[in-house]
Amino acid sequence: MAFEELLSDPVIQKYLHELVGPTGMPVAAAPPDGEVTDEELAEELELELNDVRRALFILYENDLASYRRVRDEDSGWLTYLWTFEYENIPENLEEEMYRLLDALEERLEYERTHEFYLSEPAGIRFEFSEAMEFDFQCPETGAPLEPMDNDDLIESTERRIEELRNELNVELTR
């Protein structure tokens with residue numbers, strides 16, 4: 001998939017934005033053809049050099065950019081030539097989806113195996129053991145802690161897990 005196609009996808013735009021943040025997004029959204037230095041990018045995009053370097057390093061850490069070093073024979077200075085490797089984005093997104101699936105499954109298990117109490121005025125949720133420590137009174141407001149029904153949360157988590165499993169084509173392991 002070409003850079004242009006990838007970058008027109010709102011999911012990929014959001015993914016890149018989450019990685020590099022708003023200051024790094026111009027770097028992520030404007031991958032040049034071939035190699036480029038961080039200085040060239042900063043000048044071309046009219047950004048601070050440190051912001052460009054930060055974005056490049058984040059992209060590098062996520063296998064979306066690579067570099068090679070070239071030593072100037074006269075000065076001895078090293079120049080880093082960056083290449084963008086956005087063909088790895090679909091694989092990275094799939095890995096993120098698997099991480100999300102694992103986290104949701106852990107959260108579902110936690111919600112199913114714990115009893116919760118709620119302080120309505122403070123909007124704070126407590127596990128049973130915490131509620132017991134506070135004698136079933138909110139430590140912030142003094143209001144009584146009421147048993148909390150988390151069935152809706154469990155159901156929505158189950159739905160999201162099912163959607164992710166379908167999207168990833170993963171069978172239920174239970």
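The values are calculated or read from the model by the stated rules, or taken from the named source; none is laboratory data. Just so it is clear, the structure is predicted and the values come from calculations on it, not from any experiment. The accessibility values were calculated without ligands, DNA or RNA, using every heavy atom of the protein model including side chains. Shrake-Rupley method; radii C 1.70, N 1.55, O 1.52, S 1.80 Å.
Computed quantities for the displayed model
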read-out	value
For PHE136, residues with placed amide H under 5 Å, excluding near neighbours	none
Rh by Kirkwood over Cα pairs, then Stokes-Einstein D for the stretch 98-150 at 0.890 mPa s and 25 °C, µm²/s	207
Residue-wise HN-Hα coupling along the stretch 25-40, computed from phi with Karplus coefficients 6.51, -1.76, 1.60 (Hz; x: Gly, Pro)	4, x, 5, 5, 8, 10, x, x, 6, x, 8, 8, 8, 5, 5, 4
Cut-off under 5 Å, modelled amide H: who pairs with PHE116 long-range	MET148
For the stretch 150-164, 3J(HN,Hα) per residue [Karplus equation, 6.51 cos²θ - 1.76 cosθ + 1.60, θ = phi - 60°, Hz, x = Gly/Pro]	9, 4, 5, 5, 4, 5, 5, 5, 4, 4, 5, 4, 4, 4, 5
Dimensionless Rg/Rh of the chain - Kirkwood Rh, Rg from C-alpha atoms	1.19
Surface share of carbon and sulfur [accessible, 1.4 angstrom probe, percent] for the chain	47
With Cα atoms, 0 to 90° folded angle of helix 89-113 axis to the chain main axis	10
5 angstrom amide H check on GLU85, placed H, neighbours 5+ away	ALA65, SER66
